[in-house]
Amino acid sequence: MPDVRQLLADAAARLGDRAEASILLAHALGRSRTWLVAHADDPAAANDVAAFAALVERRAAGEPVAYLTGRRGFWTLELEVTPATLIPRPETELLVELALAKLPRAGAPSVADLGTGSGAIALAIARECPHARVLATDASAAALAVAQRNAAANRIDNVAFVQSDWFAALEGERLDLVVSNPPYIAADDPHLTQADLRFEPASALAAGRDGLDDIRRIVDGAQAHLVPGGWLLFEHGWDQGNAARDLLEAAGFREVFTARDLEQRDRVSGGRRTSQA
Ligand code: GLN
């Protein structure tokens, strides 16, 4: 029987990544990574060895670690992810930070996260602002089910879930803040056929010829669903800042801006509905 140390060493060599090997071994054994260190000399049971070997081979074939473990950390939350949802990215925390800065402090502001996926953005905002009422939408029922489980598992109860194609099911809603990390990759972008993106839902990644199809729909629909003074904020690609600001200005938004992520790339744009619009 191989011991824990040997299993880890072999997998680290196979994957060329010791951290990933350790995450997968901890998952296969149902233990923490710290446990692995303390139990390096323990022999592993045959069924655990087989389960781990299967995970390592799937990872070697390119499946994202988050789909193999079904977990990903985002903000202060531990989230379930499945192939029905995009895997939350660290750069999306910028959108959460900006949303928190724009959210009215007083009263019970209403927020919508359009295309919530695993629920990452909606749940992070709801966790930080217990006084806010957050609406999380997705066109995918499978994604919404994951987001709902994430709300329950993180004991967050100020989020409601609605199946909706962008604003389609939000008739009559008047929101203080609309946020979204929509699909924004051009349909012919070769990145879609590489790395983790191959395994993620195309509907959460690709958006037409220039990657802006869904952003256009969100910008066009937002004014009618925002209160005067309300904000729209959305994530986009590093080369879409100019286009995003043009769309916002053409739709009548004021105080239009683009914010950069930690890598100094344009990542989030937003604007404010004027009082009389
Ligand atoms: N940021 C992701 C990527 O480029 C894309 C996410 C999205 O389309 N919303 O991998």
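Of all the listed residues (207, 187), the sole one being over 19 Å from the mean Cα position of the chain (by Cα), within 12 Å of the ligand (Cβ to nearest atom) and either under 23 Å from residue 247 (Cα atoms) or surrounded by 17 or more Cβ atoms within 10 Å (Cβ to Cβ) (or both) is 187.
So which residues in region 175-206 are aromatic (Phe, Trp, Tyr) and out of contact with any Pro (no Cβ under 9 Å at 6 or more places or on another chain)?
Kept after step one, since they are aromatic (Phe, Trp, Tyr), are these residues of region 175-206: 184, 199.
Passing the criteria: only 184.
Report yes if residue 218 is among the aliphatic types (A, V, I, L, M), within 16 Å of the ligand (Cβ to nearest atom) and modelled with pLDDT of 95 or more, otherwise no. Yes; evaluated as a whole, the condition is true for this residue. Just one of the numbered conditions (1) surrounded by 13 or more Cβ atoms within 10 Å (Cβ to Cβ); (2) at pLDDT 95 or above is not true of residue 274: (2).
In region 90-108, the residue that is farthest from the ligand (Cβ to nearest atom) out of those that are of a type in the set (D, E, K, R) and surrounded by fewer than 16 Cβ atoms within 10 Å (Cβ to Cβ) is 105. Residues of region 228-243 that are among the polar types (S, T, N, Q) and either in a helix (DSSP H, G or I) or over 23 Å from the mean Cα position of the chain (by Cα) (or both): 242 alone. Only one entry in 167, 199 is over 26 Å from residue 64 (Cβ atoms) and in contact with a helix residue (DSSP H, G or I) (Cβ under 8 Å, 6 or more places away or on another chain), namely 167. Sub-8 Å Cβ pairs linking a first residue in region 152-181 that is within 16 Å of the ligand (Cβ to nearest atom) to a second residue that is in a strand (DSSP E or B) and of a type in the set (Ser, Thr, Tyr), at least 6 apart or interchain, are 166/137, ordered by first then second residue. Scanning region 244-277 for residues that are assigned to a strand (DSSP E or B) and under 17 Å from residue 181 (Cα atoms) yields 257, 258, 259, 260, 266, 267, 268, 269, 270, 271.
State whether the residues of region 218-227 include one that is of a type in the set (D, E, K, R), at negative phi and not in a helix (DSSP H, G or I). The answer is no, given that none of the residues of region 218-227 is of a type in the set (D, E, K, R), at negative phi and not in a helix (DSSP H, G or I). Against the definition (away from the ligand (no atom under 12 Å from the Cβ) and either surrounded by fewer than 16 Cβ atoms within 10 Å (Cβ to Cβ) or not charged (D, E, K, R) (or both)), how does residue 238 come out, yes or no? Considered against the rule, which asks whether it is away from the ligand (no atom under 12 Å from the Cβ) and either surrounded by fewer than 16 Cβ atoms within 10 Å (Cβ to Cβ) or not charged (D, E, K, R) (or both), residue 238 comes out as no. Per the conditions (1) out of contact with any helix residue (DSSP H, G or I) (no Cβ under 8 Å at 6 or more places or on another chain); (2) part of a loop (DSSP other than H, G, I, E, B); (3) in contact (Cβ under 8 Å) with a residue 60 or more places away in the chain, the sole criterion not satisfied by residue 142 is (2). Close contacts from region 189-215, counting a first residue that is within 21 Å of residue 118 (Cβ to Cβ) and part of a strand (DSSP E or B) and a second that is more than 9 Å from the ligand (Cβ to nearest atom) and small (Gly, Ala, Ser), with Cβ to Cβ under 9 Å and a gap of 6+ residues or different chains, come to 206/186; 206/187. Residue check: residue 195 meets all listed conditions (1) over 24 Å from residue 82 (Cα atoms); (2) within 11 Å of the ligand (Cβ to nearest atom) but one, namely (1). Residues in region 66-83 that are within 15 Å of the ligand (Cβ to nearest atom) and touching a strand residue (DSSP E or B) at 6+ places or on another chain (Cβ under 9 Å): 66, 72, 81.
Would you check which residues across region 111-138 are in a loop (DSSP other than H, G, I, E, B) and within 11 Å of the chain's Cα centre (by Cα) and list them?
115, 116, 117, 118, 119
The values are calculated or read from the model by the stated rules, or taken from the named source; none is laboratory data. It should be emphasised that the depicted structure is a prediction, and the values quoted were computed from it without experimental measurement. No Cβ is skipped: glycine too gets one built from the backbone with ideal geometry, and neighbour counts run over all protein chains shown.
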